[in-house]
Amino acid sequence: MILEDIKELNKVKRKFIKKYMVNHLHHIIGVGIGYKEIAGQKTKILSIKVYVKNKLPEIEVLSRGLTLLPRVFRYIDIDVVELKNYPKVMSQSNSLKTNKFTNKIRPLEIGYSIGHYQVSSGSIGTFVRDSRRLPCILSNNHVLANSNLADLYDSILQPGTYDGGMIMRNKVAELTEWKKLSLIEYNNFPFQTKSIKNQNLFWNRPKYNKVDGALARLSSRIDFKEPQLEPYFDVNLFDSLEKNGRTTGHTIGIVEDVSTTISVDYGVGMGMFEDQIMVKGLGSPFSDGGDSGSSVILKDTNKIIGLLFAGINKPNGEDITMVNPIENVIKSLNILDFY
C-alpha cells in the first residue's frame, strides 16, 4: 500500500461522503479505505468501504426509497460492508470477564483498570510527558474526563470504580488535559432526525472528532513501569497488532481500514470521527467494554500506533475496534515524549 494512493483515495472518499450521506442514506454508519472483499475473500484491490446497518438487495433499497450505492465511484471500487450496529465507546464495563488487569497494581502498568471517579472503568494506555515535562497517564477522554463532564484536577482511580476503586484509597492521578469531544444529541443526529434541512446542515458542515484522549498527571509517590513505547505513524492494511486491556487482556488483530469516517455512540449522544483506524480481532474479539484507552501496538514491537476508544463486539460475531492514530493523539494533547 502506497501512502500517495491513500491520499488520493481520501480525496475521493470525501466527495463520496458529501454526495451520498447528504442524500440521506440513513443506513450508512461510516465510510473508509480498505481492501475489497469478494465472496468473503479479501483481495488486494484498494476500495472505498461503505459500512451500513443492513446490506439489502437492490430491489429492497429502491422499495424503501433509498438511493442505490454505485459499484464504482470516480474509478474507485465501492465495497459495501454490513455492520448492523454503531460502534460504542468501550468504557462501559458490563462484561463479567475478569483477569489480572482488573486488579490494583503498583507500580502502575499499561492495560490495567483506570478511570475518572465518576466513570466505570477503562484501561491505562501508556505513560507520557506532558507540555510541562511531567509524567502522565494517557487514556481516553471518556475514561479520564467523563466525556467532557469532568473538571480540572478531578481524581483518577486505579483500579476504576467498577473494579472497586475508591477516592480515599485508590487515587493515583489528577485530570490535567483533555481533547474536548464534539457530541450530537440523539434527537439532532442526522440518522435520527426526519428534517432534511438538519441532515444537510450536518453533512455539509460536520463537526468531526479525530481524538478521544486525555492526560492525568501522576500523584507524588505513584510509580509506574515504563513500557518504552515509540510512536509509529506508517500504519498499513493487514498490519498485525496487539494490545493489553482491562477486560479482554492481551489480544491480537489486524488493520482492516486505515482512514475511517464513522459515527460512534457515546451513551449521551453521537460523535462523528474521521481518519480513524479500524481493527478486527484474530481468533477472538480484539476488544470489549472496559478496554477503552488501551495502547494498540504493532505486534512484537514497541511501536504504538494508536489509542483504542470504541468498537462492536456482539454474540453474532460482529467484531470491530476503532483506534485514534497516535500522531493525532500526540498533537491534540501536546505530548512531548513517551516513557
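The values are calculated or read from the model by the stated rules, or taken from the named source; none is laboratory data. Quick caveat, the model's predicted, so the values are computed rather than measured. Neighbour counts run over all protein chains shown; Cβ positions are idealised from the backbone, glycine included.
T301 is checked against (1) closer than 29 Å to A150 by Cβ; (2) modelled with pLDDT of 95 or more; (3) of a type in the set (S, T, Y) and fails just one. What number does that condition carry?
With (1) closer than 29 Å to A150 by Cβ; (2) modelled with pLDDT of 95 or more; (3) of a type in the set (S, T, Y) applied to T301, the lone miss is (1).
Name the pairs: first residue in segment 166-179 and part of a helix (DSSP H, G or I), second residue hydroxyl-bearing (S, T, Y), Cβ to Cβ under 8 Å, at least 6 apart or on different chains?
I167/Y117; I167/S155
Looking at K18, is it among the basic types (K, R), outside any loop (DSSP other than H, G, I, E, B) and modelled with pLDDT under 90?
Working: among the basic types (K, R): yes; outside any loop (DSSP other than H, G, I, E, B): yes; modelled with pLDDT under 90: yes.
Yes: the conditions hold for K18.
Answer with yes or no whether L46 is over 24 Å from F273 (Cα atoms) and either in contact with a Gly (Cβ under 8 Å, 6 or more places away or on another chain) or surrounded by 15 or more Cβ atoms within 10 Å (Cβ to Cβ) (or both).
On the way: over 24 Å from F273 (Cα atoms): no; either in contact with a Gly (Cβ under 8 Å, 6 or more places away or on another chain) or surrounded by 15 or more Cβ atoms within 10 Å (Cβ to Cβ) (or both): yes.
For L46, the condition - over 24 Å from F273 (Cα atoms) and either in contact with a Gly (Cβ under 8 Å, 6 or more places away or on another chain) or surrounded by 15 or more Cβ atoms within 10 Å (Cβ to Cβ) (or both) - is not met.
Could you list, in sequence order, the residues of segment 305-339 that are surrounded by fewer than 24 Cβ atoms within 10 Å (Cβ to Cβ), in a strand (DSSP E or B) and at pLDDT 95 or above?
Passing the criteria: P325, D337, F338.
Checking the conditions here, which among T260, T247, T251, T301 is in contact with a Phe, Trp or Tyr (Cβ under 9 Å, 6 or more places away or on another chain) and within 30 Å of F16 (Cα to Cα)?
None of the others qualify; the one that does is T260.
Residue by residue through segment 48-61, note down the ones that are over 17 Å from L83 (Cα atoms) and either aliphatic (A, V, I, L, M) or part of a strand (DSSP E or B) (or both).
Taking segment 48-61 as the starting set, the residues that turn out to be over 17 Å from L83 (Cα atoms) are 58-60.
Hit for segment 48-61 is I59, nothing else.
Can you tell me which residue among G271, G293 is in a strand (DSSP E or B) and either under 12 Å from P87 (Cα atoms) or in contact (Cβ under 8 Å) with a residue 24 or more places away in the chain (or both)? Show your work before the answer.
Values: G293 fails: in a strand (DSSP E or B).
Of the residues listed, the single one that is in a strand (DSSP E or B) and either under 12 Å from P87 (Cα atoms) or in contact (Cβ under 8 Å) with a residue 24 or more places away in the chain (or both) is G271.
One line per residue, one yes/no per condition, for (1) over 20 Å from T321 (Cα atoms); (2) in contact with a strand residue (DSSP E or B) (Cβ under 9 Å, 6 or more places away or on another chain); (3) in contact (Cβ under 8 Å) with a residue 24 or more places away in the chain; (4) among the basic types (K, R):
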site: V31; (1), (2), (3), (4): no, yes, yes, no
site: E58; (1), (2), (3), (4): yes, no, no, no
site: L66; (1), (2), (3), (4): yes, no, yes, no
site: I78; (1), (2), (3), (4): yes, yes, yes, no
site: M90; (1), (2), (3), (4): no, yes, yes, no
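Could you grab me the full set of residues in segment 137-181 that are closer than 14 Å to D291 by Cα and under 18 Å from the mean Cα position of the chain (by Cα)?
L138, S139, N140, N141, H142, V143, L144
Checking T247 against (1) of a type in the set (S, T, N, Q); (2) part of a loop (DSSP other than H, G, I, E, B); (3) in contact with a strand residue (DSSP E or B) (Cβ under 6 Å, 6 or more places away or on another chain), only one condition comes out false. Which one?
(3)
Residues to consider are M270, M278; find the one that is in contact with a strand residue (DSSP E or B) (Cβ under 6 Å, 6 or more places away or on another chain) and at pLDDT below 95.
Working: M278 fails: at pLDDT below 95.
Result: M270 is the single residue among M270, M278 that is in contact with a strand residue (DSSP E or B) (Cβ under 6 Å, 6 or more places away or on another chain) and at pLDDT below 95.
Return a yes/no flag: does segment 238-258 have any residue that is of a type in the set (A, V, I, L, M, F, W, C), within 19 Å of S147 (Cβ to Cβ) and not assigned by TED's automatic domain parsing to the domain that holds L46.
Residues of segment 238-258 that are of a type in the set (A, V, I, L, M, F, W, C), as a first pass: 238, 241, 252, 254-255, 258.
If we keep only those that are within 19 Å of S147 (Cβ to Cβ) too, we end up with none.
No; the residues of segment 238-258 include none that is of a type in the set (A, V, I, L, M, F, W, C), within 19 Å of S147 (Cβ to Cβ) and not assigned by TED's automatic domain parsing to the domain that holds L46.
Tally up the residues in segment 116-163 that are in a loop (DSSP other than H, G, I, E, B) and either out of contact with any helix residue (DSSP H, G or I) (no Cβ under 9 Å at 6 or more places or on another chain) or in contact (Cβ under 8 Å) with a residue 40 or more places away in the chain (or both), please.
At the first step, the residues of segment 116-163 found to be in a loop (DSSP other than H, G, I, E, B) are 117-121, 124-125, 130-134, 140, 145-154, 158-160.
Filter again for either out of contact with any helix residue (DSSP H, G or I) (no Cβ under 9 Å at 6 or more places or on another chain) or in contact (Cβ under 8 Å) with a residue 40 or more places away in the chain (or both), leaving 117-121, 124-125, 130-134, 140, 145-147, 149, 151-153, 158-160.
Within segment 116-163, residues that are in a loop (DSSP other than H, G, I, E, B) and either out of contact with any helix residue (DSSP H, G or I) (no Cβ under 9 Å at 6 or more places or on another chain) or in contact (Cβ under 8 Å) with a residue 40 or more places away in the chain (or both) number 23.
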